[in-house]
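Engineer: What follows is a structure written as structure tokens; I'll ask about it next.
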């Protein structure tokens, strides 16, 4: 589903990603963990073309989005192809990014109508089913200002799912929430995992990584330090840096 090879990314003089490689299979749930500033979110944003890479290769479901020449220059496919490939992925951000002037239902149907050209009457039943899935059908006509943070994030998940992506990317989806609201978002994500949705999740929620992820990737200073099946990762971490991190967060 995702093949990322030797990804490098710099912001000015700062190297944020230093040769990150990851392969992801259909139905996998991969949790990406690590200290703040380790490059986790930047890696996700590179996969979805919210950031451009300086070197490397990215394939999504067998389609190449960007390669690097022998001379070291990155070459992206044409913009229309990039947009089409990126529509295979849904993205849920730390902040909810809902349109404040649109109702919950309008937030969900906006992209399918404007981007995919779907008819309003065709997408509304789908949107209502997604709201039922995340437990918020009764909020269909509410505005975001009337929702809690956890409810806003569940609407954001439903909005991403409305585009019918094959892969879901989550960038620390609970980091902006109060602890008591985190559980309702994680329950929705667990449900998606149970339905075999392919998910790449940047998270600080170690219980979620341990219980739901099929693999855990630990990043530090722009590199993948260790990547193993979740049970092995938490039971017998191999790298000293991984062990030190887990000792601090568990």
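Engineer: Could you list, in sequence order, the residues of region 172-182 that are touching a residue at least 24 places away in the same chain (Cβ under 8 Å) and within 18 Å of residue 211 (Cβ to Cβ)? Full working, then the answer.
Structural biologist: Applying the first criterion (touching a residue at least 24 places away in the same chain (Cβ under 8 Å)) to region 172-182 yields 172-178, 181-182.
Across region 172-182, the qualifying residues are 172, 173, 174, 182.
Engineer: Follow-up. Out of region 167-204, which residues are in contact with a strand residue (DSSP E or B) (Cβ under 8 Å, 6 or more places away or on another chain) and farther than 23 Å from residue 86 by Cβ? Walk me through how you get there before you give the answer.
Structural biologist: Step one: filter region 167-204 for residues in contact with a strand residue (DSSP E or B) (Cβ under 8 Å, 6 or more places away or on another chain), giving 167-173, 189, 192-193, 197-204.
Matches in region 167-204: 204 only.
Engineer: For region 51-65, give me each residue that is over 20 Å from residue 165 (Cα atoms) and in a strand (DSSP E or B). Give the steps one after another, and end with the answer.
Structural biologist: To start, the set of residues in region 51-65 that are over 20 Å from residue 165 (Cα atoms) comprises 52-57.
The answer is 55, 56, 57.
Engineer: So, one more: Go through region 236-245 residue by residue and tally those that are within 12 Å of residue 35 (Cβ to Cβ) and either exposed (fewer than 13 other Cβ atoms within 10 Å of the Cβ) or in contact (Cβ under 8 Å) with a residue 40 or more places away in the chain (or both).
Structural biologist: Total meeting the criteria: 2.
Engineer: Only residues that are over 17 Å from the mean Cα position of the chain (by Cα) and under 18 Å from residue 169 (Cβ atoms): list them for region 63-94, please. Reasoning before the result, please.
Structural biologist: First, pick out the residues of region 63-94 that are over 17 Å from the mean Cα position of the chain (by Cα): 63-82, 84.
Within region 63-94, 63, 65, 66, 82, 84 meet the criteria.
Engineer: Which one of these does residue 71 not meet: (1) at pLDDT 95 or above; (2) outside any helix (DSSP H, G or I)?
Structural biologist: (1)
Engineer: Scan 188, 182, 174 and give me the residue that is more than 19 Å from residue 90 (Cα to Cα) and in contact with a helix residue (DSSP H, G or I) (Cβ under 9 Å, 6 or more places away or on another chain). Spell out how you get there, then give the answer.
Structural biologist: Values: 188 fails: more than 19 Å from residue 90 (Cα to Cα); 174 fails: more than 19 Å from residue 90 (Cα to Cα).
When all the criteria are applied, what remains is 182.
Engineer: Can you find, within region 27-36, the residue that is nearest to residue 192 (Cα to Cα) among those that are in contact (Cβ under 8 Å) with a residue 60 or more places away in the chain and surrounded by fewer than 19 Cβ atoms within 10 Å (Cβ to Cβ)? It would help to see each step written out before you state the result.
Structural biologist: Of region 27-36, the ones in contact (Cβ under 8 Å) with a residue 60 or more places away in the chain are 27-35.
If we keep only those that are surrounded by fewer than 19 Cβ atoms within 10 Å (Cβ to Cβ) as well, we get 27, 35.
Details: 27: 10, 35: 26 Å.
This residue is 27.
Engineer: Restricting to region 8-44, count the residues that are over 16 Å from residue 216 (Cα atoms), out of contact with any strand residue (DSSP E or B) (no Cβ under 6 Å at 6 or more places or on another chain) and not in a strand (DSSP E or B).
Structural biologist: Residues in region 8-44 being over 16 Å from residue 216 (Cα atoms), out of contact with any strand residue (DSSP E or B) (no Cβ under 6 Å at 6 or more places or on another chain) and not in a strand (DSSP E or B): 4 in total.
Engineer: Within the group 218, 233, 208, which residue is surrounded by 15 or more Cβ atoms within 10 Å (Cβ to Cβ) and under 18 Å from residue 18 (Cα atoms)? It would help to see each step written out before you state the result.
Structural biologist: Working: 233 fails: under 18 Å from residue 18 (Cα atoms); 208 fails: under 18 Å from residue 18 (Cα atoms).
The match here is 218.
Engineer: Right, residue 196: at positive phi, touching a residue at least 40 places away in the same chain (Cβ under 8 Å) and surrounded by fewer than 22 Cβ atoms within 10 Å (Cβ to Cβ) or not?
Structural biologist: On the way: at positive phi: yes; touching a residue at least 40 places away in the same chain (Cβ under 8 Å): yes; surrounded by fewer than 22 Cβ atoms within 10 Å (Cβ to Cβ): yes.
Yes: the conditions hold for residue 196.
Engineer: Which of the residues that make up region 111-120 are assigned to a helix (DSSP H, G or I), closer than 18 Å to residue 140 by Cβ and free of Cβ contacts under 8 Å to residues at least 12 places away in the same chain? Lay out the reasoning, then the answer.
Structural biologist: The initial filter retains those residues of region 111-120 that are assigned to a helix (DSSP H, G or I), namely 111-114, 120.
Okay, now just the ones that are also closer than 18 Å to residue 140 by Cβ, so 111-113, 120.
Within region 111-120, 113, 120 qualify.
The values are calculated or read from the model by the stated rules, or taken from the named source; none is laboratory data. Predicted, not measured: the structure shown is a model, and the values here were computed from it. Neighbour counts run over all protein chains shown; Cβ positions are idealised from the backbone, glycine included.
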